[in-house]
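Comments concern the structure below.
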Amino acid sequence: MNGDPKLYTLLEQLNIQFEYVEHPPAPTIEIARQYWAGHDARHCKNLFFRNHKGNRHYLVILDCNCDMDICSIEKMLRQGKLSFASEKRMEKYLGVKPGSVTPFGLINDSERHVHLFIDKNLRKEERLSFHPCINTASLLILRDDFIRFLDYVGNSYEWAELY
């Protein structure tokens, strides 16, 4: 299986089952869509931001078919303007390269630095889909197991209206 071996070990330890779907590199939602046909999971868009000072980082997870209102998040946070985090920051905090951003990368955030905002509409979905720290595969996982994963890794998160 492609992806971070630590992730698969952790999912096994947590008794979290998943469906593994291997595909060619899919660094964007537009490219990834062609590989999702026939899968019954809500595919997620994952965006990694930093605040204007560069001392806080946020992972935003939303339905891949929706666009996020970044101004609303900026107002919610009161951190000034947000910008996309650099490749260096992605590597440092999530252990991923651009095009592979995923909440599964939180296994590499030992300081629990990254805060998550998760689209509240995803609570209604039974299964969610994310890259396993590399964009040549997708993991389909039950929403409740995903929440269990988040609780285990210990990063702060909140459900929010993102669009």
message: Please go through the range 123-163 and give me each residue that is modelled with pLDDT of 95 or more, closer than 19 Å to Asn65 by Cβ and charged (D, E, K, R), ordered by number.
response: Arg123, Lys124, Glu125, Glu126, Arg127, Arg143
field: Subset of the range 128-163 [part of a strand (DSSP E or B), open to solvent by less than 30 Å² (accessible area, probe 1.4 Å) and aromatic (Phe, Trp, Tyr)]
entry: Phe130
message: Restricting to the range 133-147, count the residues that are in contact (Cβ under 8 Å) with a residue 40 or more places away in the chain, within 17 Å of Arg42 (Cβ to Cβ) and not hydrophobic (A, V, I, L, M, F, W, C).
response: 2
- request: Would you mind telling me which numbered condition in (1) open to solvent by 40 Å² or more (accessible area, probe 1.4 Å); (2) under 15 Å from the mean Cα position of the chain (by Cα); (3) closer than 23 Å to Asp145 by Cα Leu62 fails?
  value: (1)
task: Out of Arg112, Arg89, report the one residue that is crowded, with 16+ Cβ neighbours inside 10 Å and either at pLDDT 95 or above or out of contact with any strand residue (DSSP E or B) (no Cβ under 7 Å at 6 or more places or on another chain) (or both).
output: Arg89
- request: Could you check how many residues of the range 17-50 are free of Cβ contacts under 8 Å to residues at least 60 places away in the same chain, out of contact with any Ser or Thr (no Cβ under 9 Å at 6 or more places or on another chain) and among the charged types (D, E, K, R)?
  value: 3
field: Filter result (out of contact with any Ser or Thr (no Cβ under 7 Å at 6 or more places or on another chain) and in a loop (DSSP other than H, G, I, E, B)) within the range 87-98
entry: Gly95, Lys97, Pro98
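The values are calculated or read from the model by the stated rules, or taken from the named source; none is laboratory data. If you're wondering where the values come from, they're calculated on a predicted model, not measured in any experiment. Because the Cβ atoms are built from the backbone with ideal geometry, glycine has one as well, and the counts that use them run over all protein chains shown. What goes into the accessible areas is simple: the full protein's heavy atoms, side chains included, and nothing from ligands, DNA or RNA. Shrake-Rupley method; radii C 1.70, N 1.55, O 1.52, S 1.80 Å.
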